[in-house]
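The values are calculated or read from the model by the stated rules, or taken from the named source; none is laboratory data. Note that the coordinates shown come from a computational prediction; the quantities given were computed from them, not determined experimentally. Positions of Cβ are backbone-derived with ideal geometry, glycine not excepted, and every protein chain shown enters the neighbour counts.
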Amino acid sequence: MIHSNLLRMPYVKLVLMPPLESDVKEFLNTLTPKNYCLITHRNADLDAIASALVLREIIIRLIPSVEAYVIAPDGLDSTSKYFLSGLSITPNYLYEDDEFNKHCDCYLVIDAASKEQLGRFNTLKDYILVDHHEVNTLTDSAIMKLYEPKRKSTSEIVAYVLFASGVNLMHDYLTLLIGGILHDSRFLYLADGVTFSILSDLIRLGGDYVRARNLLIKRTPMEYSERIARLKAMSRLGIYKSGKYVIAITCIGAYEGNVLKSLLDCGADISIAIAPRDEGFRVTVRVNEEVVSELGKPLAGLLTSYLAELLGGSGGGHSLAAGSHILCKEPEDILKALESFFKLLVGSFKTVDGGRWLEECS
């Protein structure tokens, strides 16, 4: 079955950017018997964990004598857990960062855009980066990169590695990659011709598109802790306006992604979660697709990168979602930086209702 797919590879390679093709070849040629550790971003979403698990499978199939571990700082998000539970994949080699104690010879950073996202591995220096985020502060320090910001998901990049390697994987891993692509492309809303070409090849090899879609649609009931986090976020909410855009800011340190999505669903154009952390704050940003389309900028990534540059720390991401770790002592400093950013971007920044997020984050 893998051979029939390879007959189509010239088309896939032609569509993808030539630099990615040469980088993938270099990566595959440099694999040697050693211990590999694949690190995702915090609270790994489906694109991150799919990319890491499949890339691990490729490595151990090409070099059976190696040890390869997947590390997910702060574990997996609820969507990833549910999706994996519906597949015949038991990742006994998956660890959270605080419980991992194995030896690593080579680190691969998967689907992460800043050091803040790597948990206790945030001081890592020598690593291979596999990512697609438009704003990424990890690119300069990487010893090798499989990096293509034009791709809608890291799963697409890993799928290309799979095609180039000629490795034949169990169908559930192909379905997992399809899930990662669907997740980060927002059920193909952001997809382009390359995305559809890669999906077609994954399905041709045995990936189950319908199963992947159904696992993403059928969610488990919301956990009690997430319900509380959402309600706390609402109770602390501050509302601001920049030009015609409504900005919602809250103080919450759990389920930030889901909380911020719910704020967008409630009418915010831009939603921001701030959480006190050691030596500073974690800032998570989500942006409405229409805002990004109107402004023509990777807004979430630009915002988190701006905060990190102005206040110290690291940040990055893409147009619709990003995060940063900010090295400042007071949340008021973040508010001032946000005011500065939006005045530069749109020309104004006004308080509609300050809420009590500043008090909660102090």
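Structure notes:
- For segment 215-237, taking the residues that are crowded, with 18+ Cβ neighbours inside 10 Å and not charged (D, E, K, R), the one that is farthest from residue 181 (Cα to Cα) is identified as 237.
- Answer residue from segment 37-72, given it is among the hydroxyl-bearing types (Ser, Thr, Tyr) and buried (at least 22 other Cβ atoms within 10 Å of the Cβ) and is nearest to residue 175 (Cα to Cα) among those: 51
- Verdict on residue 212 being assigned to a helix (DSSP H, G or I), crowded, with 18+ Cβ neighbours inside 10 Å and either assigned by TED's automatic domain parsing to the domain that holds residue 348 or in contact with a Cys (Cβ under 9 Å, 6 or more places away or on another chain) (or both): no
- Annotation note: of 312, 253, 206, 243, the sole residue that is of a type outside the set (A, V, I, L, M) and either under 21 Å from residue 74 (Cβ atoms) or in contact with a strand residue (DSSP E or B) (Cβ under 6 Å, 6 or more places away or on another chain) (or both) is 253.
- Residue 256 touching a residue at least 24 places away in the same chain (Cβ under 8 Å), under 23 Å from residue 44 (Cα atoms) and surrounded by fewer than 18 Cβ atoms within 10 Å (Cβ to Cβ): no
- Output for segment 48-91, where each listed residue is charged (D, E, K, R), more than 23 Å from residue 165 (Cα to Cα) and free of Cβ contacts under 8 Å to residues at least 60 places away in the same chain: 74, 81
- Residue in segment 173-190 that is over 14 Å from residue 46 (Cα atoms), out of contact with any strand residue (DSSP E or B) (no Cβ under 8 Å at 6 or more places or on another chain), of a type outside the set (D, E, K, R) and in a helix (DSSP H, G or I) present: no
- Screening segment 191-208 for residues that are part of a helix (DSSP H, G or I) and without any contact (Cβ under 8 Å) to a residue 60 or more places away in the chain and picking the one that is surrounded by the fewest Cβ atoms within 10 Å (Cβ to Cβ) gives 196.
- Tally of residues being modelled with pLDDT under 95 and either assigned to a loop (DSSP other than H, G, I, E, B) or of a type in the set (D, E, K, R) (or both) across segment 153-166: 1
- Segment 87-105 - residue that is hydrophobic (A, V, I, L, M, F, W, C) and at pLDDT below 95 and, of those, farthest from residue 179 (Cα to Cα): 100
- Meets criteria (at pLDDT 95 or above, surrounded by fewer than 24 Cβ atoms within 10 Å (Cβ to Cβ) and more than 19 Å from residue 124 (Cβ to Cβ)) for residue 84: yes
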